[in-house]
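The values are calculated or read from the model by the stated rules, or taken from the named source; none is laboratory data. Fair warning: this is a prediction, and the values are worked out from it, not measured in the lab. As a convention, Cβ positions derive from the backbone with ideal geometry for all residues, glycine included, and neighbour counts pool all protein chains shown.
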Amino acid sequence: MRYYHWDELESVALTRDFLRKFVAGERLSIVRTETNKGTCLPDRCFPHEAFIVVLEGAWRIRVNGHDVVIGSNQLLHLPPYMKHDVESLERTSVLEILPQPDASWVGMGEMEPIMEDENYLWGV
C-alpha cells in the first residue's frame, strides 16, 4: 500500500498551460492533468483505453469527428485507438485512469490511429 498527496508530486509540463502529475501502480496509472482555458492538444491516438474524469472545469473532446463536452463530475471512456483531440473550455482539472505508463509517456507521444469510424482495422 502507498499513500500519495497530489500537492507533493512533481508536475511534468507539456506546455506552460498543460501540467501533468503521474502515479503508477503495478497495472494502472492515474494522471492528474491541469489545463488553462484555450489549451489545445492536436489529434492523438493511443493503444490503450482511458477513462477521463473532469474534477472541475470542462473539456471539449473531438472523438472521430464528433464533439463531446465533459464537465465537472462527468466521465468519458475512450476505447483503444480512438483518435481524439482536446480543448480546455475553462481552467480544468482532470483525472485520467490508464494502464501503467512506459518511458514514451513522459512526452505523451502519439501513435498512428488504426481505427476509422466505427470499424477496427487489423493488420497481420
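Overview of results
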quantity: Residue list for the stretch 31-59, restricted to those being within 12 Å of the chain's Cα centre (by Cα) and basic (Lys, Arg); calculated: Arg32, Arg44
quantity: Condition check for Arg91: in contact with a strand residue (DSSP E or B) (Cβ under 6 Å, 6 or more places away or on another chain), more than 26 Å from Arg2 (Cβ to Cβ), modelled with pLDDT of 90 or more and not aromatic (Phe, Trp, Tyr); calculated: no
quantity: Filter pass, Tyr3 being assigned to a loop (DSSP other than H, G, I, E, B) and in contact with a Cys (Cβ under 7 Å, 6 or more places away or on another chain); calculated: no
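Matching residues to (1) over 19 Å from Ala24 (Cβ atoms); (2) modelled with pLDDT under 95; (3) aromatic (Phe, Trp, Tyr):
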position: Val54; (1), (2), (3): yes, no, no
position: Arg62; (1), (2), (3): yes, yes, no
position: Asp67; (1), (2), (3): yes, yes, no
position: Ser72; (1), (2), (3): yes, no, no
position: Tyr81; (1), (2), (3): yes, yes, yes
position: Met108; (1), (2), (3): no, yes, no
